[in-house]
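These notes are about the structure you will find just below.
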Amino acid sequence: MINLPDFELLKISQLSGIPTRKIYDALDHVLIILPSDPPETLFRRLPQGTQLRRLLKKTRNTKAQSATSRLNNSKATGVTVATLDGATTAFNQLTWARKIITRCSQDQPGNLGILVLGLEEEKRQSTLENLVAAAEAAAFQLPTFKSVKKTKAPLERIKILASKPRVNLNTIRAQALGNNIARWFTALPPNKLDAKNYRKLVKALCARYGIQATVLDESKLERLGANAFLAVSQGNANRDAGIIQLRYRPPGIKYPGLMLVGKGILFDTGGTNLKPFKSMLDMHMDMEGSAVALGALIALATLEVPYGIDAWLAVTENRLSATAYKSQDIIQAANGTTIQIIHTDAEGRMVLADTLALAAREKPDVIIDYATLTGTCVSALTERYSGVFSNRIKANALLYHAGVSAGERVWPFPMDEDYDEMLHSEVADIKQCSEAGYGDHILAARFLSKFVPKDIPWIHIDLSAGQHKGGLAHIPSDITGFGVKLTLELLSERGPTALAKELS
Ligand code: BES
Ligand code: ZN
Ligand code: ZN
């Protein structure tokens, strides 16, 4: 059995004064961010000013506008000088931050000082936020299983120097925590993260944060008539599948204002319609939606938001076996809708259909679901953007702008009713998907909409940006954990009740 790591290892402190030689001596590496043409007086105030001025000159026309050297102090502290690259979007600024932090990390510092000088206050704060976001992501170790552990010392401490006034890092650190949780679970191999272990690990993690966890197991789901979920889970070799229900309640609040739902397919073989090798290879990550819902819940809980939140994780494998569901099976979901099965690889929408229908019975103000749902969403957007869909047209602009601010970019797709013609079934209420295959991300969203009552504002996020080779924005790993930061951005200005009103 695998152990949960400590997800909050990085220690961050802020010092107010201009750094002294003594402070430099206590650091393994110091990162200094300067305007590209700073006034002379700025260097005069700094110890080692002459050397820093020389380094600044070197940054011109280099990759990510940065240069690295060693200070002439007793410790020979590593130093990286960098200038902002004029990036105007949050996405580009976060990408810059990832490159700068990668550069500092090559020195393997256990403690890193960060000094941002000569920028206007708002810019100083956002730059520090971006660097901390990148550092939190880079410092966090994704699970590895090497018999001989690497000796590389992780980054353990950040000291923000000359930080006056102090920068409020609460939100950015909560986002990092949620993102690290999402990436850690998604990175686990499928034999380590089976349904039983996922339940155990999630329960243990939630206990740390005062979040309640229960499971709707297969027998309870049977009683609830959740046959769409069970159609997928019936192919498993064990009976451990289920919907993990997590509840965050601030004092005095009984109900979830916000309902998060996540696709938790632990391994997607495609089922009876088996995937070929390359398409199946990374399908242990098909639970990323559930990990993002979990990460977002914990992030919001650590911020002690004043509303209740549930996260319901639909956890099962999608296997090829004698008991696996088949094309042309007819399944009746928990809300009574009958479904004609076309393709067993469209399992995500099956488990989400029942999870959404059951979650809606809690009468939340807003439902948001996260799922690595369709290959066509990746074809449409590549892995740089995720697709968003909603039963409220006003959500599109809101989500787009939240994506721009968060640096987790999303693009809305149409949800017009006439798409339903492509899901018309002669024998059931609806087809699970179309035989044709094109526009499947839109059809999948239309399919899911049949399981969400019209009076509940609902947002569906198809996580095409859940994995991106070489990382994305501030995230350095292929697994991006995309969605946690976006969710916090969306809810930072308003709680779910106000959000629902804004969407109506
Ligand atoms: N998990 C996949 C979708 C996916 C594939 C997401 C690759 C991200 C990367 C999903 O369950 C699936 O297999 N969808 C099918 C649907 C089709 C059979 C209608 C697909 O996209 O091919
Ligand atoms: Zn599938
Ligand atoms: Zn899948």
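The values are calculated or read from the model by the stated rules, or taken from the named source; none is laboratory data. Everything numeric in this text was worked out from a predicted model, so none of it was measured. Here Cβ is always computed from backbone atoms with ideal geometry, including for glycine, and neighbour counts include all displayed protein chains. Ligands, DNA and RNA are stripped out before the accessible areas are found, and what is left, the full protein with its side chains, is counted by its heavy atoms. Shrake-Rupley method; radii C 1.70, N 1.55, O 1.52, S 1.80 Å.
Applying the condition of being open to solvent by 100 Å² or more (accessible area, probe 1.4 Å) and touching a Pro at 6+ places or on another chain (Cβ under 8 Å) to segment 131-150 and asking which residue is farthest from residue 101 (Cα to Cα) yields 145.
Restricting to segment 35-59, what's the tally of residues that are in contact (Cβ under 8 Å) with a residue 60 or more places away in the chain and touching a Gly at 6+ places or on another chain (Cβ under 6 Å)? Full working, then the answer.
So in segment 35-59, the residues in contact (Cβ under 8 Å) with a residue 60 or more places away in the chain come out as 35, 38-39, 42, 46.
Next cut, touching a Gly at 6+ places or on another chain (Cβ under 6 Å) only: 35, 38, 42.
Going through segment 35-59 one residue at a time, the tally reaches 3.
Has segment 105-120 got any residue that is open to solvent by less than 10 Å² (accessible area, probe 1.4 Å) and within 20 Å of the chain's Cα centre (by Cα)? No, segment 105-120 contains no residue that is open to solvent by less than 10 Å² (accessible area, probe 1.4 Å) and within 20 Å of the chain's Cα centre (by Cα). With the condition kept exactly as written, say whether any residue in segment 225-233 is closer than 30 Å to residue 208 by Cβ and away from ligand 3 (no atom under 16 Å from the Cβ). Scanning segment 225-233, I find at least one residue that is closer than 30 Å to residue 208 by Cβ and away from ligand 3 (no atom under 16 Å from the Cβ), so the answer is yes.
Suppose the filter is touching a Gly at 6+ places or on another chain (Cβ under 9 Å), closer than 20 Å to residue 302 by Cα and hydrophobic (A, V, I, L, M, F, W, C); does residue 216 pass it?
Numbers: touching a Gly at 6+ places or on another chain (Cβ under 9 Å): yes; closer than 20 Å to residue 302 by Cα: no; hydrophobic (A, V, I, L, M, F, W, C): yes.
Judged against the criteria, residue 216 is not a match.
Tally time: how many residues in segment 464-490 are in contact with a Phe, Trp or Tyr (Cβ under 6 Å, 6 or more places away or on another chain) and either open to solvent by 10 Å² or more (accessible area, probe 1.4 Å) or over 22 Å from residue 359 (Cβ atoms) (or both)? Lay out the reasoning, then the answer.
Kept after step one, since they are in contact with a Phe, Trp or Tyr (Cβ under 6 Å, 6 or more places away or on another chain), are these residues of segment 464-490: 465-466, 473, 483.
So of that shortlist, the ones also either open to solvent by 10 Å² or more (accessible area, probe 1.4 Å) or over 22 Å from residue 359 (Cβ atoms) (or both) come out as 465, 473.
The qualifying residues number 2.
Selection of segment 440-463 for residues being open to solvent by 10 Å² or more (accessible area, probe 1.4 Å), of a type in the set (D, E, K, R) and not in a helix (DSSP H, G or I) yields 450, 454, 455. When the strands (runs of 3 or more DSSP E) confined to segment 256-373 are screened for residues that are over 22 Å from the mean Cα position of the chain (by Cα) and in contact (Cβ under 8 Å) with a residue 24 or more places away in the chain, those reaching at least 1 such residues are found at 308-318, 330-332, 338-340.
I'd like the residue in segment 12-65 that is in contact with an Asp or Glu (Cβ under 8 Å, 6 or more places away or on another chain) and modelled with pLDDT of 90 or more and, out of all such residues, is surrounded by the most Cβ atoms within 10 Å (Cβ to Cβ). Lay out the reasoning, then the answer.
Residues of segment 12-65 in contact with an Asp or Glu (Cβ under 8 Å, 6 or more places away or on another chain): 28-29, 64-65.
Filter once more, keeping what is modelled with pLDDT of 90 or more: 28-29.
Details: 28: 19, 29: 24.
So, considering only residues that are in contact with an Asp or Glu (Cβ under 8 Å, 6 or more places away or on another chain) and modelled with pLDDT of 90 or more, the one surrounded by the most Cβ atoms within 10 Å (Cβ to Cβ) is 29.
One residue alone among 254, 220, 192 is charged (D, E, K, R) and within 23 Å of residue 479 (Cβ to Cβ), and that residue is 192.
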